[in-house]
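These notes are about the structure you will find just below.
The values are calculated or read from the model by the stated rules, or taken from the named source; none is laboratory data. Just so it is clear, the model here is predicted, and its values are computed rather than measured. When we count neighbours, we look across all protein chains shown, and the Cβ atoms used for this are built from the backbone with ideal geometry, even at glycine. Calculation scope for accessible area: heavy atoms of the full protein, side chains included, ligands and nucleic acids excluded. Shrake-Rupley method; radii C 1.70, N 1.55, O 1.52, S 1.80 Å.
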Amino acid sequence: MRPSIVILTGAGISAESGVPTFRASDGLWCGHRVEAVATPEGFEANPVLVHDFYNHRRAQLKDVAPNAAHQALARLSAAYDGDVLLVTQNVDDLHDRAHRGVTPKRGFGLIHMHGELLRARCVETGKTCDWSGDIHIDTPSPFGTLGLRPDIVWFGEMPFQMERIYDALSGCGLFISIGTSGNVYPAAGFVQEATRAGAHTVELNLEPSMGGNLFSEHIYGPATEVVPAYVEGLLSA
């Protein structure tokens, strides 16, 4: 059995598929203040705006497709003789689509730590379900009477499955960060957790991230080029 791998992906891996990276240099997400569309307080203050924002993001998924980087990670899941946990900060479904028709080996897992655009959460019960259409303030919940919200982790909320992620980091032999900015916690601290576990750490990115100096290896370039090349190297080693 080869060393276990934890992979973290961020907006950079989906950007080449045409998915907006949301946060620009001015701190806005597609023209909106983060506080207005990505916090519980923003949703309480203006649910119509928040639903419109995510309805538009959800509709955009129809116009994008997994790229060579997503597909390379799907090949890794099917061919690597060891545990692989793929943790994505992205709320799109491109990793899921890349894995369709691929049978991963036992020990593979995929976690959407910040939620998914194609899922909705009951405001009353917290139960979730698949949801591909629009959500409005009067859209009934299958589980309660207070309606639905996007199943997205907003600022101030705890990302999903953190205990499972930290358990994997504490035992991994290789940590790979792909297309992340390195400025959003807790994900930005994963490299330090992996380093403490004795793992080899690799940054695959278009340019150095804010925490780039924390990695033991760096490979810079478009995700569609560097990720497939790195995966092929892993599988042939």
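So here's what we get for this one:
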item	result
The chain: angle of helix 68-79 to the longest principal axis, Cα-based, in degrees nearest 10	60 degrees
Lys, Arg +1 and Asp, Glu -1 on Cβ, resulting dipole of the chain about Cα centre, debye, nearest 20	480 debye
Gain in span if fully extended, Phe155 to His56, counting 0.36 nm per residue against the direct Cα distance	33.7 nm
Efficiency of FRET from Cβ geometry, His32 and Ala65, R₀ 30 Å, rounded to 0.05	0.70
Percentage of interatomic Cα-Cα distances in the range 112-237 larger than 22 Å	51 percent
Cα-projected label distance for Arg97 with Asp81, points at 7 Å along beta-carbon direction, nm	3.4 nm
Under 5 Å, built H, 5+ apart or other chain: amide partners of Arg119	Trp131, Asp151
By accessible area with a 1.4 Å probe, ligands and nucleic acids excluded, highest first: order of His99, His51	His99, His51
Cα-projected label distance for Arg2 with Tyr220, points at 7 Å along beta-carbon direction, nm	2.7 nm
0 to 90° range, to nearest 10: angle between helix 162-171 axis and the chain longest Cα axis	0 degrees
Förster radius 30 Å - calculated FRET efficiency between Asn46 and Ser132, Cβ distance, rounded to 0.05	0.80
C-alpha long axis of helix 223-236 to longest principal axis of the chain, angle in °	40 degrees
Accessible surface, the chain, averaged per residue in Å² (probe 1.4 Å)	47 Å²
Solvent-accessible area of Tyr230 with every protein chain in place, 1.4 Å probe, in Å² to the nearest 10	40 Å²
Quotient of C-alpha Rg and 2.2 N^0.38 Å, computed over the range 1-117	1.21
Calculated FRET efficiency for the pair Arg106/Met162, C-beta based, R₀ 22 Å, to 0.05	0.40
Cα principal axis extents for the chain, largest first, Å	55, 38, 33
Surrounding net charge for Arg121, when Lys and Arg each add one and Asp and Glu each subtract one, Cβ distance under 13 Å	-2
Over 23 Å [Cα-Cα, the range 47-187], rounded percent	42 percent
